[in-house]
Amino acid sequence: MIAILATHPDDLLYIQARLTFLSGERELKEGVKTIHGFFGEEEVVLLATGPSGYLGALYADLVINRYDPDVVYCVGDCFALSPLVKEGDIVIGTKCFLHGVNYHAIGEEYGAIPGLPAALPCSASLGSTALSLAGSSGLRAFAGGILSGEKAIFDKDEFDEILLRRYAGKDLYAYDNSSAGAALSCYLHRKSFLPIRVVSLVPGMEEGRLRYRRIALEALPGVGRIIFGLCSSHQSKKGGA
């Protein structure tokens, strides 16, 4: 089984429309519902977590405990942190950081939960395959770190302050509201994890605040094509095992 988590339900529309034998919604936990379908012979479970790293961690944990997926993907939009990326580009996560976690006073690196790494890992092998799939599809994609926080930050000066004071030298490419939470649960459960995000806004471009969701929805089919390419690769490896 493959689990695909998204920030918003609309982020899953392209993927959901291309699954077969949809079995409808199943209640995961007290009103939290998942959607199930098949890509080839592989069952796929879909869930929108909402824009929250805490909910991303909680819902990923629920999905892993209930369905034990082989791999967890996290999709949706993100804001650019690197000057290399622009609206419509795709960022494939190499590591994730939790913004707002601060145990610095007791000697922990900023962003680190005591006993855990500050940089939560993403699957290097899946990331390499995803980057190759993006290139073969004519999509502009970059591999880099993702920072996740609880609020949408539009102000470039605020981002610059965060990066300078807390995350200098961390090679961060994007900011979102859910990837690091899911990465945390996958790390604790030792599950393969990969976030694939569309850049919907470059902070400092004021006009972008009015259109960032539209840009995300227009570009997310590219993420869907990468996901299905990864699913095909996953099935081929299982078939050859």
Per-peptide average of other Cβ atoms within 10 Å, ordering 127-136, 15-24, 87-96 highest first: 87-96, 127-136, 15-24
Expected 222 nm ellipticity per residue - DSSP helices of 4 or more, -39500 (n - 2.57), all of the chain, to 500: -11000 deg cm²/dmol
Point-charge dipole on Cβ atoms (K/R +1, D/E -1) for the chain, about Cα centre, debye to 20: 440
In range of the label at Leu116: residues from region 157-190 whose backbone nitrogen is under 15 Å from the point 7 Å along Cα→Cβ: 178-190
5 Å binning of all Cα-Cα separations within region 2-233, expressed as whole percents from 0 upward: 1, 7, 16, 20, 21, 16, 11, 5, 2, 0, 0
Positive dipole terminus of region 2-233, leading residue within Tyr14, Gly169, Ile113 (C-beta point charges): Tyr14
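Read the figures in this text as sums done on the coordinates, not as results from a lab. Computed from a predicted structure; not experimentally measured. For neighbour counting, all protein chains shown are included, and Cβ atoms are generated from backbone atoms with ideal geometry for every residue, glycine included.
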